[in-house]
1. Among Ile108, Val136, Val20, which residue has its Cα positioned farthest towards the positive end of the charge dipole of the chain, with +1 placed on the Cβ of Lys and Arg, -1 on the Cβ of Asp and Glu, and the dipole taken about the Cα centre?
2. Report the gain in length on full extension from His201 to Glu230: 0.36 nm times residue separation, minus Cα-Cα distance, nm rounded to one decimal.
3. Would you mind pulling out the separation of the Cα centroids of the range 12-45 and the range 89-133, in Å?
4. Relative to the first principal axis of the alpha-carbon coordinates of the chain, what is the inclination of helix 266-282, with its axis defined by its Cα atoms, in degrees from 0 to 90 and to the nearest 10?
5. If you rank Arg261, Arg36, Arg54 by how much accessible surface each has, with a 1.4 Å probe, what is the order from largest down?
6. Please state the shape class of the range 131-286: rounded when a/c is under 1.5, otherwise prolate if a/b exceeds b/c and oblate if not, all from the C-alpha gyration tensor.
7. Taking only Cα atoms, what is the 0 to 90° angle, nearest 10, from helix 250-262's long axis to the longest principal axis of the chain?
8. Please work out how much accessible surface Met204 shows to a 1.4 Å probe, ignoring ligands, DNA and RNA, in Å² rounded to 10.
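The values are calculated or read from the model by the stated rules, or taken from the named source; none is laboratory data. Not measured: the values here are computed from a predicted model. A quick note on method: Cβ atoms are made from the backbone with ideal geometry, for glycine too, and the neighbour counts reach across all protein chains shown. Heads up: the accessible areas ignore ligands, DNA and RNA and are worked out on the full protein's heavy atoms, side chains in. Shrake-Rupley method; radii C 1.70, N 1.55, O 1.52, S 1.80 Å.
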Amino acid sequence: ATHDKIKTVDAHRTSEPLVVVTENNGVATLRLNHPRRLNGWTMTMKRTLETELRKTEDQDGIRALILTGTGDYYSAGVDLGGTLPIGHPRRLRAEIINQNRALFELFILYPKPILVAVNGHAIGAPVTSATLCNQVIASDRATFSTPFAKVGLPAEGCSSVIFPRLIGETAAARKLGSEGWKPTAIEALAIGLIDAVVPHHQLMEDAQRREEYWIAAGETRSYPAGASREELELINAEESERVADGFLSADFLMNQYRFLRSRKKTLPALTFLALRLARPVWSLLL
């Protein structure tokens, strides 16, 4: 029988779990459950997701995994401002490298077949991490945005290598470059970014059916575009170095200042402005 487990709860929310976990016929479903924040990957969300992924790895009764979200968004992406720690520039750069690398290793190193059922809009790392899984299916309401260049950051989640292989050089340039193309589910299917588009109300039924078929067929963990786990680990490590440099760049710091100011988050905005103004001095310590 299917049963819900109330797992890790966000410290700022007392009524609902941050990630809802269900199990059915050997399939675990992890549903991101913070729609008020568009299921964004805050530090708390990332820690909770990691905890739940680790638990499913260790349970012999779980043979395959589905990731999805609650509401209109699969996930609005990483909270960039909230994940930038303050400290000595050299330690700060090392911490950014470690955080970025660890985030995508959650998906690269996950040992069981994993399917992402994109229920709505997906932005940034939730898109690139999905393409590291066995399959991606999407609701007909989904969109896929990777606006890295617009915020002054390089490609991550192995997308600098995997996207050109998966969707072709032209489409990859449109998605990862300054255009920041945001394809619909139908467009994403047409270019090969995802594996299927499903009517919204049938998404989870279809995901469960696929996973049960995988279990019956003895499906194992696989990776996109002919990549191996070892290759993805190497790409991720190299990209993480570039991401750290991007986080500490003048363009990114100013973009974050403008974005946070537009959201009336005055104190975080001023922090980024101060970092930008002082950058000529502290960058010498990198």
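1. Val20
2. Full extension from His201 to Glu230 adds 6.7 nm.
3. Using only Cα atoms, the two centres lie 16 Å from each other.
4. Around 60 degrees separate the two axes.
5. From most exposed to least exposed: Arg36, Arg261, Arg54.
6. It comes out prolate by the Cα gyration axes.
7. Compared with the principal axis, the helix lies near 70 degrees.
8. 70 Å²
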